[in-house]
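Asks: Sharing a structure, written as structure tokens. Questions coming.
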Amino acid sequence: MDPHQAIGKESVVSLKAKRKARTSRRTLCCAFLVGGPIVIGVFGMVLAVISYTCVAHKCWIADRHLVSTASLGKVLTISQVASHVTPVTIPLLMGLTSYHIAEKWLKASITEGPNRPSPMQFGLLLSVLNSANIPSLFSALLYFLGFGQTQEQKNYPAPPILRRSTAFLFISLLTTYLITGSDAWLHVTSKAVIIESILPYSNHNSSLISEPLGRAINHTQCDEAQLIGWPSLSYGPSCGQITGGSAGDGVTMMPGLRTLSNSSSTHRIVFANDQTAIVVPVTIPPNVSYTAPTIGVKSSCKSVTKNCLSPNTSTGYDDYGPQSTLNIKCSKKTKFKASPGFGLAALDDKGNSADGFNVSSNPFHVGSVVTSMAYYDEDDSLFDDYVGSSGWFIHGNQGAWNIIYCDVAAVDVAYAYKSSTSEFTIMTSTPSSLLDTRAIITYEFQIYDSSDPVATVVDGVDLQTYEET
């Protein structure tokens, strides 16, 4: 053969191989253009779950659980879509990878590089690229570990394209099963819970909350009453609640009476966690927790009956008085000038009753003589005797008597309301000013009004219940 002809034929073969290599590179570029978005899309869905859970919404760890304000339904939807889409992408990605493998193979054919597989390796390579499943991955791994090979086969090294294809399949399957397992774990372990969000409240005209949540003394009304000072001396100190006029105080007193009896359309009285009676809104929207300032009253009461009974011993026995009344005279250590029929009243420094608008300090003292027929013993087996350690003393036809002495304080408080438990918790509590104290307790303690707004005779209750009434 003519040497020139041989060289020409080799040149033609080389030229065709180069053309195929260039065609393969163009095909490879197209494969990357298709496969790149698929890979980005798969990992993008994973990032979407994480971003939606912990970036677009708040998340934190509580008791070894991940808590997020994100919608549970949307999180599960995104994870389910990812778990369904990822397995479908593996055959597509392995098919696109085959173009890259072909390009490497063609280049190795020209340069006589290492990417020229043996027939057995070629079969494994086809299985990895075409089947793209666990059995094909398992067969390739067994080959790399040397199982089922002769010594001659072991001496022939695996080409890089086989190692890379196997590694890519392993990573793809591992990613798929991690995403699928995570989706199953989310569906099994996730549950919806109520998460309270604390937000600043600035617009009381919102559709959710129709009125301010805080409560306070109307200082404008108090200042005007102090300035006017008529028609009675009590008008200013009572913040305008007691007019002293001939028409009575019904108009100015009714808002207070409705509040005390919890029949107001705007206010109600509740007991906070430390038994402070506070004023709160009548209605609170559901699923709303908040903090707000308000006014309240805190009291600590005790029975001083044993310090105030004054029996007549001149007859040779303890005579506690006639059937209709009880001999009462408190000892000096109890600064309370109690007497039968003494209703609930504030006390001055000497123990006498005082109007609420005239108290001289805050805290102040309150006293009351209470009677109840609930403890009356028809067979007189407990006549002129105490009912256990309750402080009730049975005497005469009025039933049982109890003399109560309280330390009371009007307070300005900041409280927190928790919607999940409907609890009111005191955060801070400070004594109110004397002017505010008088305004708060005016209606509860009036000497001239014989009908106490707060009941003084409570049938069928013990001392503790009376203290909380």
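The values are calculated or read from the model by the stated rules, or taken from the named source; none is laboratory data. These numbers were taken from a predicted model, which means no experiment stands behind them. Methodologically, a virtual Cβ is constructed for each residue, glycine included, from the backbone with ideal geometry; neighbour enumeration extends over all protein chains shown. Note: areas computed on protein heavy atoms with side chains; ligands, DNA, RNA excluded. Shrake-Rupley method; radii C 1.70, N 1.55, O 1.52, S 1.80 Å.
Asks: Run the numbers on the stretch 279-339 and let me know its relative contact order in percent, using alpha-carbon pairs under 8 Å that are six or more apart.
Replies: Reported relative contact order: 24 percent.
Asks: Report in % the part of the accessible area of the stretch 273-349 that belongs to carbon and sulfur, leaving out ligands and nucleic acids; probe 1.4 Å.
Replies: Exposed carbon and sulfur together represent 49 percent of the surface.
Asks: Whole-Hz ³J(HN,Hα) for each residue in the stretch 118-124, computed from phi via Karplus 6.51 cos²θ - 1.76 cosθ + 1.60 with θ = phi - 60°, x for glycine and proline: what do you get?
Replies: Values, residue by residue: 6, x, 5, 5, 5, x, 4 Hz.
Asks: So if we plug the beta-carbon distance of A416 and L174 into 1/(1 + (r/R0)^6) with R0 = 41 Å, what FRET efficiency do we get, rounded to 0.05?
Replies: For R0 = 41 Å, the calculated efficiency reads 0.25.
Asks: Using 0.36 nm per residue, how much length does the chain from M427 to T77 gain when fully extended, once their Cα-Cα distance is taken away?
Replies: 121.9 nm
Asks: On to the next question. Stick to Cα atoms and the Kirkwood definition of Rh, then tell me Rg/Rh for the stretch 37-180.
Replies: 1.15
Asks: With the alpha-carbon atoms as the only input, what is the per residue convex hull volume for the stretch 241-375 in Å³?
Replies: In the stretch 241-375, the Cα hull volume divided by residue count equals 201 Å³.
Asks: So, one more: Once phi is turned into θ = phi - 60°, what whole-Hz ³J(HN,Hα) does the Karplus curve with 6.51, -1.76 and 1.60 give for every residue of the stretch 56-66, x standing for Gly and Pro?
Replies: With the stated coefficients, the stretch 56-66 comes to 6, 10, 7, 9, 7, 9, 9, 6, 6, 10, 7 Hz.
Asks: Tell me the chymotrypsin sites (Phe, Trp or Tyr not before Pro) within the stretch 77-152 that lie in a loop according to DSSP and have at most 14 other beta-carbon atoms within 10 Å.
Replies: F147
Asks: Just subtract the alpha-carbon distance of D385 and S182 from 0.36 nm times their residue separation and send over the number in nm, one decimal.
Replies: In short, 65.7 nm is gained.
Asks: In the stretch 339-438, which trypsin sites (Lys or Arg not before Pro) are in a loop and have at most 12 other Cβ atoms within 10 Å, using DSSP for the loop call?
Replies: Those that pass, being in a loop and sparsely packed, are K350.
Asks: With every protein chain in place, what's the accessible area of Y405 (1.4 Å probe, Å², nearest 10)?
Replies: 30 Å²
Asks: If you add up the charges near T425, with Lys and Arg at +1 and Asp and Glu at -1, over every other residue whose beta carbon is less than 10 angstrom from its beta carbon, what do you get?
Replies: Around T425, the surrounding residues sum to -1.
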